[in-house]
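Enquirer: Structure incoming, see below.
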Amino acid sequence: MAAIGIFFPKLEYADLALPLATAIHAIPSTHLQEEDILTDTQTEQFEREPNAQKLESLKTLTAVIYGLYAASFFVGITVVIGIILNYMKQDEVRGTWLESHFRWQIRTFWFSLLWFTVSAVALFAFIGILGLVATAVWFGYRVVNGWLALIDRRPMYEDRPVVGS
């Protein structure tokens, strides 16, 4: 308020209070209804829900991860890049229909790693080749099935309600 005194030496705070209060009361209250005000829970939910552009970006990322998984048939390291991306972006897809795809991809990676390892050990007993082939077919099925569901904008697990589908 000291700055006001510099420019307007005879103007006091009390001189501003009445016009300011009058101006505030003159604002129509119909512009903001009680139902227009978000509660804390609604605000948190709104901030968590990705907008359409963000959701489309995450859908593209999910497709890229499926592509990395598929490319691992030719260049094995790409699946490692895919699983790292899954874990890095997992929080961003939480609560959306894409969360089920990330869960599907993560489970595909870990179960495939388990069964490839078991099959590789079983190679010494000559039954491991069947395990390797079966695991490769299962891995391929999961990548294709997930990718097709993604294209159709469907979650992988229909039993859970999700936001943004």
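The values are calculated or read from the model by the stated rules, or taken from the named source; none is laboratory data. Here the structure is a predicted model, which is why all the values come from computation and not from measurement. Positions of Cβ are backbone-derived with ideal geometry, glycine not excepted, and every protein chain shown enters the neighbour counts.
Enquirer: So Ser112 clears everything in (1) touching a strand residue (DSSP E or B) at 6+ places or on another chain (Cβ under 6 Å); (2) closer than 16 Å to Phe73 by Cα except one condition, right? Which one?
Expert: Evaluating Ser112 over (1) touching a strand residue (DSSP E or B) at 6+ places or on another chain (Cβ under 6 Å); (2) closer than 16 Å to Phe73 by Cα leaves (1) as the failure.
Enquirer: Then there is this: How many residues does the range 62-85 hold that are more than 12 Å from Phe109 (Cα to Cα) and buried (at least 19 other Cβ atoms within 10 Å of the Cβ)?
Expert: Qualifying residue count, the range 62-85: 1.
Enquirer: Is it true that Phe109 is crowded, with 16+ Cβ neighbours inside 10 Å, among the aromatic types (Phe, Trp, Tyr) and on the phi < 0 side of the Ramachandran plot? Before you say what the answer is, go through the steps one by one.
Expert: Numbers: crowded, with 16+ Cβ neighbours inside 10 Å: yes; among the aromatic types (Phe, Trp, Tyr): yes; on the phi < 0 side of the Ramachandran plot: yes.
The answer is yes for Phe109.
Enquirer: Within the range 86-106, is there a residue that is at pLDDT 95 or above, farther than 12 Å from Gly146 by Cα, surrounded by 17 or more Cβ atoms within 10 Å (Cβ to Cβ) and not charged (D, E, K, R)?
Expert: Yes, there is a match, as at least one residue in the range 86-106 is at pLDDT 95 or above, farther than 12 Å from Gly146 by Cα, surrounded by 17 or more Cβ atoms within 10 Å (Cβ to Cβ) and not charged (D, E, K, R).
Enquirer: State yes or no: is Ala136 free of Cβ contacts under 8 Å to residues at least 24 places away in the same chain, surrounded by fewer than 17 Cβ atoms within 10 Å (Cβ to Cβ) and of a type in the set (Gly, Ala, Ser)? Please lay out each step first, then the result.
Expert: Values: free of Cβ contacts under 8 Å to residues at least 24 places away in the same chain: no; surrounded by fewer than 17 Cβ atoms within 10 Å (Cβ to Cβ): yes; of a type in the set (Gly, Ala, Ser): yes.
Spelling it out, it is not the case that Ala136 is free of Cβ contacts under 8 Å to residues at least 24 places away in the same chain, surrounded by fewer than 17 Cβ atoms within 10 Å (Cβ to Cβ) and of a type in the set (Gly, Ala, Ser).
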